[in-house]
Amino acid sequence: MCPSGYLHHMAKGVQNDLWARFVSLPNQDRIWTLTVTNKNLLKAPKPVAQTPLVMVHGFGGGVGLWIRNLDPLCHSRPLFVFDLLGFGRSSRPHFPMDPALAEEQSVSSIEHWRHALAIDRMILLGHSLGGYLATSYAIQYPERVSHLILVDPWGFQHMPLDATSGSAKSGFPRYIEAIMWFFGLFNPLAVIRAAGPLGPKLVNRLRPDFNRKFEDLFDDDTMTQYLYHCNAQTPSGEVGFKAMSESIGWAKRPMLDRVHLLPPSLPVTLVYGGRSWMDSATGARVAEQRPNSYTRTVVIEGAAHQVNADQPEEFNKVVQSICDSVD
């Protein structure tokens with residue numbers, strides 16, 4: 001079964017109006033997009049809030065990872081989720097190996113996607129790599145963003161330096177560094193493709209937590225199968241990610257060097273999992289770079305990196321509160 005088959009199975013549980021389609025960009029690339037709207041809005045006594053919520057997934061993900069959040073977060077506004085260029089069902093173009101150019105290709109695709117859908121302003125939420133790209137987008141197109149929500153964002157901090165040698169170090173144990181170095185020789189997801197028909201079992205072995213996160217929705221391996229089929233295809237977005245990354249955990253162009261370019265009037269909320277490997281202290285660093293701006297950090301206890309799936313009720317509550325503050 002291809003990603004679309006698993007996604008169709010997953011989407012059966014969505015209770016509101018869901019529209020799935022490809023959005024074509026000027027260069028003929030296509031972005032796989034889901035729009036979810038509250039089916040009761042036409043009966044509502046008050047008009048629906050006009051600022052849509054747009055959510056951007058992280059590395060190796062796709063729209064299916066938002067399955068726990070679609071119904072709750074479309075309550076008062078249209079909700080858009082899409083597969084980043086080079087991931088999921090979206091087009092898989094060539095990405096340059098220059099980090100700035102690779103980043104710009106992803107950011108430009110988001111802007112062309114927005115223009116194609118005639119979205120004037122949006123509440124922009126990005127998870128992990130999606131948080132890095134959402135921040136870059138907001139720096140370039142601040143007039144299009146009403147509130148920037150960064151969920152366990154990747155690529156903000158500088159890789160720490162070894163105190164004795166002065167060279168970069170990851171901060172991970174040596175055996176983890178060795179594994180990261182080995183996989184750094186290849187595209188990050190090459191091992192999944194190399195496994196061939198054993199790929200789904202490998203994903204289950206590497207990420208057994210994904211099935212557990214969704215076990216009350218699916219009584220089988222739907223989620224890991226979906227992730228496998230999203231990432232067993234021709235490498236594209238992961239090539240762009242490799243170009244942008246110093247290693248899996250660090251960016252070549254750390255976003256902390258640029259967050260001061262966000263306009264002071266743009267509110268920013270950073271949401272971290274209390275058990276995540278991402279450092280929630282980064283939120284304070286972002287606030288230091290924006291001294292006269294609204295910058296808030298929220299830590300959701302009990303959640304790991306996939307905050308929206310680990311503690312979905314609390315995550316949805318936090319995001320809904322932010323959206324309500326916009327309109």
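The values are calculated or read from the model by the stated rules, or taken from the named source; none is laboratory data. Just so it is clear, the model here is predicted, and its values are computed rather than measured. Cβ coordinates were reconstructed from backbone atoms using ideal geometry, including for glycine residues, and neighbour counts include every protein chain displayed. Keep in mind that these areas ignore ligands, DNA and RNA; they rest on the heavy atoms of the full protein, side chains included. Shrake-Rupley method; radii C 1.70, N 1.55, O 1.52, S 1.80 Å.
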Check: Using heavy-atom solvent-accessible surface (probe 1.4 Å) with all chains present, what is the largest-first order of 212, 114?
Finding: 212, 114
Next item on the list: Take every DSSP beta bridge with both residues inside the stretch 236-312 and express the antiparallel ones as a percent of the total, to the nearest 5.
Entry: 25 percent
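Antiparallel versus total DSSP beta bridges in the stretch 14-110: what percent is that, nearest 5?
Details: 12 of 16 bridges.
About 75 percent, rounded to the nearest 5.
Just in the stretch 205-313: which chymotrypsin sites (Phe, Trp or Tyr not before Pro) are loop by DSSP and have at most 13 other Cβ atoms within 10 Å? Could the numbers behind the result be given before it?
Numbers: sites: 210, 214, 218, 226, 228, 241, 250, 272, 277, 294; in loops: 214, 218, 277, 294.
Those that pass, being in a loop and sparsely packed, are 277.
Over all alpha-carbon pairs in the stretch 70-123, figure out the percentage whose distance exceeds 16 Å.
On the way: 754 of 1431 pairs.
Considering the stretch 70-123, 53 percent of its Cα-Cα pairs are separated by more than 16 Å.
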Notebook entry, point to check: Which value in nm describes the separation of the simple spin-label points at residue 121 and residue 28, placed 7 Å from the Cα toward the beta carbon?
Noted result: 3.8 nm
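Counting Lys and Arg as +1 and Asp and Glu as -1, what is the net charge of the other residues whose Cβ lies under 12 Å from the Cβ of residue 244? Can you show the working numbers first?
Numbers: positive: 242, 252, 253; negative: 98, 103, 104, 238, 246.
For residues surrounding residue 244, the net value is -2.
Going down the table (12/213; 213/242; 39/242; 39/317; 252/317; 12/317), which pairs top 29 Å between alpha carbons?
Working: 12/213 18 Å; 213/242 27 Å; 39/242 41 Å; 39/317 20 Å; 252/317 34 Å; 12/317 23 Å.
Pairs exceeding the cut-off: 39/242; 252/317.
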Check: For the stretch 202-312, which whole percent of the accessible surface, found with a 1.4 angstrom probe, sits on carbon and sulfur atoms?
Finding: 48 percent
Next item on the list: Give the carbon-plus-sulfur fraction of the accessible surface of the stretch 36-135 in %, rounded to a whole number; probe 1.4 Å, heavy atoms of protein chains only.
Entry: 59 percent
Notebook entry, point to check: Measuring with a 1.4 Å probe in the full set of protein chains, what accessible area per residue, in whole Å², belongs to the stretch 83-132?
Noted result: 32 Å²
Check: What spacing in nm lies between the two simple spin-label points modelled at residue 111 and residue 216, each 7 Å away from Cα in the Cβ direction?
Finding: 4.2 nm
Notebook entry, point to check: In the stretch 64-93, which residues have a backbone nitrogen under 17 Å from the label point lying 7 Å from residue 313's Cα in the Cα-to-Cβ direction?
Noted result: 68-73
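What shape does the stretch 21-119 have by the C-alpha gyration tensor, where a ≥ b ≥ c are the square roots of the eigenvalues, rounded means a/c under 1.5, and otherwise prolate means a/b greater than b/c and oblate the rest? Mind dumping the intermediate values first?
Details: a/c = 2.61, a/b = 2.02, b/c = 1.29.
Cα axes put the stretch 21-119 in the prolate bin.
With a probe of 1.4 Å, find how much accessible area the stretch 207-276 has per residue, and write the answer as a whole number in Å². Walk me through the intermediate numbers first.
Working: 2800 Å² over 70 residues.
So the stretch 207-276 comes to 40 Å² accessible per residue, rounded to a whole number.
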